[in-house]
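Here the structure comes first, spelled out in structure tokens, and everything after it is commentary.
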Amino acid sequence: MANKIFSHAFSALLALSAITANVHGQTLTDLIKDTEIREGCIISLAVADAGGNTLAEWNADYPMVPASTMKTVTTGLALQELGSGFRFRTSIAYSGYTDSLGTLHGDLYIIGGADPTLASTRKKQDSLFNIWGNAVKSAGIDSIAGSIIGDAGFFPDEMAPGSWEWGDLGTYYGAGASGLSFHENSISIRIIPAEKTGQRPYAEQIYPETPWMHIDNLSTTGPRWSPNTILLYTSELCPVAEIRGSYPINGGINIEECCNKYPAMTCAYHFDRYLAANGINSLSGPMDTGRFTTRDPSEFADRDSLHYIITTYSESLSSIVAKTNMESNNMYAETLFKMTGLQTGGSASYETAIKTAGKLLDEMGIDTKGYRQTDGSGLSRQNLVSARFLSTFLSKAAAGPEGDAFIESLPVPGHEGTLKHVLKDVKPEYSSRIRAKSGSMSGVRCYAGYIFPDNRKKPVSFALMSNNHAGKGSDMQKAIEEILKALLAELMPGKSIVL
């Protein structure tokens with residue numbers, strides 16, 4: 001069977017490669033074969049026209065680890081199901097009553113609606129808290145006899161899937177999704193090397209403050225020019241974290257972005273501080289409806305019984321999808337994955353989100369052979385897709401009602417986002433004809449997206465994937481870019497695409 005697949009793939013690519021050779025005199029087929037041998041990897045390629053018809057393929061049905069190209073499926077389905085104009089909502093509400101002196105005999109709730117962009121920067125936080133604070137004052141509340149409560153119950157407690165590796169859980173890209181997110185569920189830690197190697201570097205949490213968290217610094221200062229291997233290890237199980245790894249003695253001051261597993265409590269804490277600074281004090285302080293509470297769950301007010309003061313909304317979904325794909329934001333992708341599950345499948349659990357994605361793909365008429373999705377971002381190595389599956393999905397997504405918004409969410413090589421430094425030696429008039437999502441992790445380099453050839457008004461979709469290379473990532477990156485340039489040249493015969 002393997003020989004048949006190889007023979008078929010070779011024939012299909014050979015037919016396309018007969019059009020022209022790439023800038024180095026090699027055909028696309030030769031480049032792929034040489035790269036597989038030199039890098040000890042497997043390469044998968046599928047190219048399809050706007051109708052989903054195969055133009056070229058190589059190992060197109062092999063299940064491959066997609067890394068962040070998985071986000072194309074997540075964001076494409078989210079746009080399809082939620083619509084580009086969808087907006088997440090967050091509400092301020094209260095239980096109890098306000099007396100004639102302006103004292104709220106009850107609690108003030110921050111009701112999360114899973115907005116991943118909530119207070120994503122200090123500037124946005126200040127603006128948001130001003131809006132919320134003014135609404136609280138307008139409601140006649142001058143003091144609070146109860147607590148400020150962050151309610152993240154819109155999503156289940158699981159912020160990250162069980163398939164993520166332990167070493168990823170404390171990183172900024174391993175933040176995960178919450179029903180009430182805050183500052184992209186991350187914290188910033190300042191690292192300063194010690195005076196001598198082997199000593200503890202100085203580590204200081206900058207923002208947002210999480211005083212209930214206990215962070216142990218177990219890291220060391222490494223020799224000059226040694227790699228920075230600093231990582232924060234934490235989980236949702238308890239508010240304890242460890243800083244491990246090594247930081248070079250000549251590394252200077254560095255800011256490490258790490259994961260915050262308690263965003264609802266963080267939001268409540270900082271809004272409580274804001275209100276106190278503006279003369280509105282809460283007697284019992286901040287808490288959430290999860291780990292940081294002394295109450296029984298039955299003591300929290302039912303959402304339907306609350307008095308709602310104000311509801312604020314996120315940016316449009318098309319804007320959030322663009323940020324997800326341009327910046328390869330894992331937390332945004334996980335939020336969209338779970339929100340699609342909630343909208344269409346009735347639950348934001350990972351189990352439902354996974355089943356919902358499979359069901360939607362079946363309804364689109366896409367063969368899911370070689371497809372297995374366990375998260376929304378592609379961080380899990382248990383995700384598997386074939387190049388044929390990805391190129392087919394991309395063709396159908398482009399033809400759908402949200403096709404334009406989806407295509408525009410993908411970065412242009414050499415210009416923006418995660419592709420800013422890709423294909424820098426390709427002439428801008430040709431690199432601008434590509435819109436694609438990259439995906440990379442140890443042993444994985446992938447690109448999936450669209451190419452707009454000269455003679456086609458509609459894009460050609462492609463998925464180019466490499467797995468299992470054991471050499472330097474930079475070598476594989478260079479090799480995969482050469483293949484991408486050759487593919488671009490094949491689709492634009494007679495053009496000199498390189499600077």
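Tabulated results
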| item | result |
| --- | --- |
| PRO453 being closer than 20 Å to ASP49 by Cα, of a type outside the set (Val, Ile, Thr), in contact with a Leu (Cβ under 6 Å, 6 or more places away or on another chain) and part of a loop (DSSP other than H, G, I, E, B) | yes |
| Filter result for LEU394 (under 18 Å from ASN325 (Cβ atoms) and at pLDDT 95 or above) | yes |
| Members of the stretch 453-471 that are surrounded by fewer than 17 Cβ atoms within 10 Å (Cβ to Cβ), under 17 Å from GLY403 (Cβ atoms) and in contact (Cβ under 8 Å) with a residue 12 or more places away in the chain | ARG456, LYS458 |
| Selected residue [among the small types (Gly, Ala, Ser) and more than 17 Å from LEU28 (Cβ to Cβ)] from ALA463, ALA398 | ALA398 |
| Residue count for the stretch 88-112, restricted to those that are touching a Leu at 6+ places or on another chain (Cβ under 8 Å), on the phi < 0 side of the Ramachandran plot and either among the small types (Gly, Ala, Ser) or surrounded by fewer than 16 Cβ atoms within 10 Å (Cβ to Cβ) (or both) | 4 |
| Output for the stretch 250-279, where each listed residue is among the aliphatic types (A, V, I, L, M) and either farther than 17 Å from GLU204 by Cα or part of a strand (DSSP E or B) (or both) | ILE255, ALA264, MET265, ALA268, LEU275, ALA276, ALA277 |
| Subset of the stretch 282-331 (residues that are touching an Asp or Glu at 6+ places or on another chain (Cβ under 9 Å) and of a type in the set (Ser, Thr, Tyr)) | SER282, SER284, THR289, THR293, THR312, TYR313, SER314, SER318 |
| First in the stretch 232-255 and outside the structural domain of GLY176 (by TED's automatic domain parsing), second anywhere and β-branched (Val, Ile, Thr), Cβ under 6 Å, 6 or more apart | none |
| Count - residues of the stretch 362-376 that are more than 17 Å from ALA463 (Cα to Cα) and free of Cβ contacts under 8 Å to residues at least 40 places away in the same chain | 4 |
| Residue within the stretch 431-439 that is in the same structural domain as SER386 (by TED's automatic domain parsing) and in contact with a His (Cβ under 8 Å, 6 or more places away or on another chain) present | yes |
| Enumeration of residues in the stretch 192-239 that are farther than 30 Å from PRO161 by Cβ and either surrounded by 18 or more Cβ atoms within 10 Å (Cβ to Cβ) or in contact with an Asp or Glu (Cβ under 6 Å, 6 or more places away or on another chain) (or both) | PRO193, PRO201, THR220, THR221, GLY222 |
| Residues (within 24 Å of THR418 (Cβ to Cβ) and among the β-branched types (Val, Ile, Thr)) located in the stretch 59-99 | VAL65, THR69, THR72, VAL73, THR74, THR75 |
| Counted residues, the stretch 405-445 - those being among the basic types (Lys, Arg) and either touching a helix residue (DSSP H, G or I) at 6+ places or on another chain (Cβ under 6 Å) or in a helix (DSSP H, G or I) (or both) | 3 |
| Residue list for the stretch 240-249, restricted to those being among the small types (Gly, Ala, Ser) and in a loop (DSSP other than H, G, I, E, B) | GLY245 |
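The values are calculated or read from the model by the stated rules, or taken from the named source; none is laboratory data. The shown structure was predicted, so the numbers you read here are calculated from the model rather than taken from an experiment. Methodologically, a virtual Cβ is constructed for each residue, glycine included, from the backbone with ideal geometry; neighbour enumeration extends over all protein chains shown.
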